[in-house]
Structure formats: structure tokens, C-alpha cells
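The structure appears right after this line, and notes come after that.
The values are calculated or read from the model by the stated rules, or taken from the named source; none is laboratory data. The structure displayed is predicted, hence computed values, not measured ones. Note: ideal-geometry Cβ built from the backbone for every residue, glycine included; neighbour counts use all protein chains shown.
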Amino acid sequence: MATERTLSIIKPDATKRNLTGKIVAKFEDAGLRVIASKRIHLTAAQAGEFYAEHKERGFYGELVAYMASEPVVVQVLEGEGAIAKNREVMGATDPAQADAGTIRKEFALSKAENSVHGSDSPASAAREIAFFFSGLELVG
Ligand code: RTP
Ligand code: MG
């Protein structure tokens, strides 16, 4: 499998509970490398643009308000099959459905406050990485 890059976000519920290091350790233990990282506080407009694909969903307003409620840590993770591997380590969207040992099983509070985001395809990864980082900030 090819080396890939994916966009990860450690969400407000996790930064608020000081879980950043524990979550990054899970990615590193799975063989993913952090090649870019920053802590930012999104505006509602920025969160809305990032999650524009969900605009028509009932949870969109709640999602945007939540993502802008506290700082987040955005990172680019690199590794073999990084997009699928990251989502495997994250676990299912709803922590009640997530496998044992996954980030969401261990840390998520609910389906909405589920601690992490990960890109879901190569096209999403390219868009989402460019949303937060310039090429100069990616140091593999
Ligand atoms: P993400 O995009 O954040 O990595 O999560 P995902 O692919 O597993 O889930 P997705 O369907 O893309 O949903 C994006 C985020 O919206 C929130 N959500 N809330 N209240 C609800 O029913 C609900 N459903 C989704 C979650 O924060 C989810 O991660
Ligand atoms: Mg998604």
C-alpha cells in the first residue's frame, strides 16, 4: 500500500479534557507520523465551511457550534494507507458502536462529541489538508 497523508482533528471535547497527548499516542502506536500540527480556535464560519458537505443534515448547526466551542488540534498524519488506518484507530462515529481500543470507544462522550475527525477519502484528505496547511508546513 502507498504512503498517504490524511487530516486529523482532535475535537473540542478532547482538547477540553486534556487528552491531546493520549490521542496522538494512539496514532503513533499505529505507525502514523505527525508531519504537521497546530492548535487553533475555529470561528463558526470556518467550522461551517470545513463541514459544508453536511449542510443539509439535521445535526449541522449543532456540529458547527460544537467545533467552534473550544480549541482544536489539527494535524497531518502520514503513513502506509494512512486514510483507512486513521479511521480504524478512530473507531465508529458513534462510540457505542466503536470497537474496543479505538479512540472513540475510549474517549468519546457521544455521537456528536466524538473526540476526533479523520478524512474519509483521498479527495477529502487533499481538500482538508489544504484547508488548514500550506505545503511549506508539511514536514515529512
Ligand atoms: P468525522 O467526519 O468528524 O471524521 O466523523 P465521521 O466521518 O465518522 O462522521 P460524519 O458522518 O462525517 O459526521 C461528521 C461529524 O458530525 C457529528 N455528528 N453528529 N448528532 C448526530 O447524529 C451526529 N452525527 C454526526 C459527529 O461529530 C461526526 O463526527
Ligand atoms: Mg466524516
Filtering segment 56-90 down to residues that are within 13 Å of ligand 2 (Cβ to nearest atom) and without any contact (Cβ under 8 Å) to a residue 24 or more places away in the chain, which residue is surrounded by the fewest Cβ atoms within 10 Å (Cβ to Cβ)?
R57
Check T43, T93, T6 and return the single one that is modelled with pLDDT of 95 or more and in contact with a strand residue (DSSP E or B) (Cβ under 9 Å, 6 or more places away or on another chain).
T6
Subset of segment 80-96 [out of contact with any helix residue (DSSP H, G or I) (no Cβ under 6 Å at 6 or more places or on another chain) and on the phi < 0 side of the Ramachandran plot]:
E80, A82, A84, K85, N86, R87, E88, A92, T93, D94, A96
Of (1) within 12 Å of ligand 1 (Cβ to nearest atom); (2) within 18 Å of K16 (Cα to Cα), H54 satisfies all except one. Which?
(2)
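I'd like to check something: does segment 13-24 contain any residue that is of a type in the set (K, R) and within 15 Å of ligand 2 (Cβ to nearest atom)?
No.
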Test each condition in (1) more than 15 Å from the chain's Cα centre (by Cα); (2) closer than 21 Å to R5 by Cβ for T20 and report the one that comes out false.
(1)
Among the residues of segment 88-140, write down those that are more than 10 Å from ligand 1 (Cβ to nearest atom), within 25 Å of R17 (Cβ to Cβ) and among the basic types (K, R).
K105
Leading residue by the ranking (farthest from A84 (Cα to Cα)) among those in segment 2-17 that are surrounded by 23 or more Cβ atoms within 10 Å (Cβ to Cβ) and either of a type in the set (G, A, S) or over 14 Å from the mean Cα position of the chain (by Cα) (or both):
A14
Across segment 18-31, what is the number of residues that are more than 15 Å from H117 (Cα to Cα) and either touching a strand residue (DSSP E or B) at 6+ places or on another chain (Cβ under 7 Å) or free of Cβ contacts under 8 Å to residues at least 24 places away in the same chain (or both)?
6
